[in-house]
Amino acid sequence: MSLLSVKNLCLAIGTLEILRNISFNLGKGEVFGVVGESGSGKSMTALALMGLTPGFAITSGRAELDGTDLINLSEGEMCALRGNQIAMIFQEPMTALNPVQTIGDQVAETLIIHKRANRREARKIAREKLNRVGLPAEQFPLDRYPHELSGGQRQRVSIALAIALRPKLLIADEPTTALDVTTQAQILDLLKSLVAEEGMALMLITHDLAVVAGIADQVAVMQNGEIVEVGPTAQIFRQMRHPYTRQLFAASGHVPARDPQTEDAPLLTVTDAVRTYAMPRSGLFSRPPPFPAVNGVSFTLNKGENLGLVGESGCGKSTLTRAILGLEPLQGGQISLLGQPVGPKMPNSLRSAVQVVFQDPYGSFNPRWKVARLVAEPFHLQPNVPADWHQQVADALVSVGMVERDMDKYIHEFSGGQRQRIAIARALILRPELIVLDEAVSALDVSIRAQILDLLADLSDRLDLSYLFISHDLGVVRAITDRVLVMKDGKIVESGPTGQVFTNPQHAYTQQLIAATPRLPDA
Amino acid sequence: MNLPRSLIIGGFLFAVFLLAAILSFVWTPYDVEVLNIAAKLRPPGATHWFGTDHFGRDIFSMIMVGARTSIAVAIVAVGIGIGLGVPLGLWAAANHRSWLDEVIMRGNDLVFAFPSLVIAILITAVFGPSAINAIIAIGIFNIPVFARISRGGALSIWTLDYILSARVVGKGTLRISAEHILPNIANLLIVQGTIQFSLGILAEAALSYVGLGAQPPTPSWGRMLADSQTMISFAPHLALFPGFAILLTVLGLNLMGDGLRDILDPKIRRLRQ
């Protein structure tokens, strides 16, 4: 008998249908993967099961957990169930925990609220649960605060909190999206073993097909509020009956067609770059110890080349990016672009040669400016704004697949993918030699990401551009770069032609990274 | 657009007093500088809508001219606060974590540390009571308020990617502050501006009440209250009308600030939807 049985679950806000006829069954000890792009309704399904939908949403259909219909429960009855029978883990480990409470108190709190234990027992159980999720007492006493932990460790605390009452159903909404690949692999392993040992069911919501492929027993593919395909994982990936599933699969492993033409002329040279930050002072009169964020990095980027820079968070790639953009000084070594030194005092003519596209399509634009002004901003680097700037902006927009009319709109009228196109147009407007793409496709849905990668490949062929492609996503780097650098703790640990590094990694860290990356089954 | 009710009510209340103040430049029912002892202490009626005071001056006309004094003092005081406080706050934010930031903000703390009204009384007592000195005294205490608000708002915007990309195209801190930061903290400033405006009116009334604001014969609400004090048992209308004028203007401004915050603050706007 299945533990959770959902039949014809519908959810509407006003006349807008958010979910239509969601039906699936989930058994004890099973992992149920829900995949889809943003807006497909995957998180809404989870919230509907938890009774956490906005008050004005109308829910209908049935969702039985062990014989109790979740849809028609009162808020009070639902409260008793939440945490107790159903628990949830969220995406953002940085905000999912209360920063002013110790981790022990937070885990113990659920036990006390549901009257399962008094304070002393609750703390004892909290200790056991934290041990269970891989946070042993020696390093992680109960009185640690969330800010003293890393992202992965915080996500472990969230999991401990969720499993404290041994719920029957655990819902994890993008639990590893904000984490590095190696941490992601560990968290997925932990979830898998919890399901096996504690006999609960796991509903894993993610945008990443590869994550689901590795862990789920069953998969549901969602699009526009509907489940378009559901079935055992192996079968779904083998058959892919629905065109949308095929489309998602193709987009996830998309490799844009490229015609790399690398000249043997160095465009950007980084020699022994060192950038240190001052650490907090240890005593009143002691000098703050320096922390080397970038520690002796050297590489060359040739004209026309797409160079990848891979590393996990905190490895120093952002610091290096800022130095290459000439925003921050180096404490040692040198960066030169077109033979001229790069730094905060570099001339505007040299600045025009390097532009940047950032990760977050929402934070990259001043919300109070129109697109024309946003795209034209780099003209500031030229002594005079060209008379035909309007036409140049229009051309740049057209070259990234937008239309001229878009110039008079504000940025909030565009989707994430469109914004990223506009960001690329802004980077192109001065015809730079080099574009730094700082996680430029990481925040996008797979199908949009595939389109942007195609656009980037096309632009680099057409305009003879070079890219420095910075990312934590190995798949994307593999798809678009000629050569790759692997960075760890401020140092480059491995470099070489992309294909070679990925198929035959030499350094232990590169091997570890590649092993941790979830892989799609071969179609 | 669906305007919040507080904005409509507050806007209406404030508009009434603003119109009265503007109208007082060209027309008042009676001249407020002409004494008419024969008609003193008349209760409200057809000839004198709000009655007359102990010199026979028309209260309604005095309320109109008093609105002019209050609003003028508050506007200039808030103007001083915004004009000096916002640049200071933006400057501090642009130099975050440097000694300059520390100097500016600790200077602000210093001003904050003094009880504002007491210092305003000191200033007007030293430099002589007048509307100008009241404006300066109230204005000085508006500076740290706006400096803090703009620094706080600016700091969160400085971390965004579009600031970084403005730096990549070589824009300096001054230009970034003016082009990118200021328009994006304008909502905060408008809301705080209305609140400070109402506080300015209260402060002006308080200073006039102790005789340190606008000097006779210029009518002001605070002094009208002070003058009525001894006659409150037999002529309560002398105190009621200026009292209500202060109450309703401040209430109107506070409601307006509340309503503006609802419209302008994206976080609250999302909650309302």
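Observations, loosely collected:
- Conditions (1) without any contact (Cβ under 8 Å) to a residue 40 or more places away in the chain; (2) touching a Leu at 6+ places or on another chain (Cβ under 6 Å); (3) open to solvent by 10 Å² or more (accessible area, probe 1.4 Å); number of the one not met by B:Pro129: (1)
- Selection of the range A:240-270 for residues being touching a helix residue (DSSP H, G or I) at 6+ places or on another chain (Cβ under 6 Å), surrounded by fewer than 17 Cβ atoms within 10 Å (Cβ to Cβ) and under 16 Å from A:Lys303 (Cα atoms) yields only A:Asp259.
- Qualifying residue in the range B:224-246 (condition: away from every other protein chain (no Cβ under 14 Å), open to solvent by 10 Å² or more (accessible area, probe 1.4 Å) and among the acidic types (Asp, Glu)): yes
- The residues of the range B:143-167 that are facing another protein chain (nearest Cβ under 8 Å), part of a helix (DSSP H, G or I) and either surrounded by fewer than 23 Cβ atoms within 10 Å (Cβ to Cβ) or at positive phi (or both), listed by number, are B:Asp161, B:Leu164, B:Ala166, B:Arg167.
- If you go through the range A:133-152 and keep only what is open to solvent by 40 Å² or more (accessible area, probe 1.4 Å) and free of Cβ contacts under 8 Å to residues at least 40 places away in the same chain, you end up with A:Pro136, A:Ala137, A:Glu138, A:Gln139, A:Pro141, A:Glu148, A:Ser150.
- Matching residues, the range A:454-467, being in contact with a helix residue (DSSP H, G or I) (Cβ under 7 Å, 6 or more places away or on another chain) and surrounded by 22 or more Cβ atoms within 10 Å (Cβ to Cβ): A:Leu456, A:Tyr467
- Leading residue by the ranking (farthest from A:Gln418 (Cα to Cα)) among those in the range A:474-506 that are touching an Asp or Glu at 6+ places or on another chain (Cβ under 8 Å) and part of a loop (DSSP other than H, G, I, E, B): A:Gln506
- Going through (1) over 15 Å from B:Ser130 (Cβ atoms); (2) surrounded by fewer than 18 Cβ atoms within 10 Å (Cβ to Cβ) one by one, B:Phe197 falls short only on (2).
- Selection count where residues are open to solvent by less than 50 Å² (accessible area, probe 1.4 Å), assigned to a strand (DSSP E or B) and either touching an Asp or Glu at 6+ places or on another chain (Cβ under 9 Å) or closer than 25 Å to A:Ile159 by Cβ (or both), scope the range A:54-86: 4
- Any hit, the range A:341-348, residues being under 22 Å from A:Ala425 (Cβ atoms), at the interface with chain B (Cβ under 9 Å from one of its Cβ atoms) and touching a residue at least 60 places away in the same chain (Cβ under 8 Å): no
- Selection over the range A:259-304 of residues that are modelled with pLDDT under 85 and of a type in the set (D, E, K, R) gives a count of 5.
- Criterion (within 14 Å of chain A (Cβ to nearest Cβ) and either outside any helix (DSSP H, G or I) or among the hydrophobic types (A, V, I, L, M, F, W, C) (or both)) met by exactly one of B:Ala186, B:Ala125, B:Ala93: B:Ala186
- Residue count, the range A:128-167 (criterion: within 23 Å of the chain's Cα centre (by Cα), polar (S, T, N, Q) and outside any loop (DSSP other than H, G, I, E, B)): 3
- Every residue from the range A:1-53 that is open to solvent by 30 Å² or more (accessible area, probe 1.4 Å) and either touching a Cys at 6+ places or on another chain (Cβ under 6 Å) or basic (Lys, Arg) (or both): A:Lys7, A:Arg20, A:Lys28
- Scanning the range B:168-183 for residues that are more than 7 Å from every other protein chain (Cβ to nearest Cβ) and open to solvent by 20 Å² or more (accessible area, probe 1.4 Å) returns B:Gly172, B:Thr173, B:Leu174, B:Arg175, B:Ala178, B:Glu179, B:Leu182.
- Residue tally, condition within 14 Å of chain B (Cβ to nearest Cβ) and either touching a strand residue (DSSP E or B) at 6+ places or on another chain (Cβ under 9 Å) or hydroxyl-bearing (Ser, Thr, Tyr) (or both), over the range A:434-466: 8
- The set of residues in the range A:389-413 that are open to solvent by less than 70 Å² (accessible area, probe 1.4 Å) and touching a residue at least 40 places away in the same chain (Cβ under 8 Å) comprises A:Ser399, A:Val400, A:Gly401, A:Ile411.
- Screening the candidates A:Glu312, A:Glu328 for the property of being more than 19 Å from A:Leu267 (Cα to Cα), open to solvent by 10 Å² or more (accessible area, probe 1.4 Å), within 14 Å of another protein chain (Cβ to nearest Cβ) and in contact (Cβ under 8 Å) with a residue 40 or more places away in the chain yields one hit, A:Glu328.
- The range A:168-201: number of residues that are under 16 Å from A:Ser442 (Cβ atoms) and assigned to a helix (DSSP H, G or I): 3
- Restricting the first member to the range A:359-371 and to residues that are more than 15 Å from B:Ile176 (Cα to Cα) and at the interface with chain B (Cβ under 8 Å from one of its Cβ atoms), and the second to residues that are part of a loop (DSSP other than H, G, I, E, B) and among the charged types (D, E, K, R), the beta-carbon pairs closer than 6 Å and six or more apart or on different chains are A:Gln359/A:Glu439.
The values are calculated or read from the model by the stated rules, or taken from the named source; none is laboratory data. Values in this document were obtained by computation on a predicted structure and should not be read as measured data. Every residue, glycine among them, receives a Cβ derived from its backbone with ideal geometry; neighbour counts consider all protein chains shown. We work out accessible area using only protein heavy atoms, side chains counted, and drop any ligands, DNA or RNA first. Shrake-Rupley method; radii C 1.70, N 1.55, O 1.52, S 1.80 Å.
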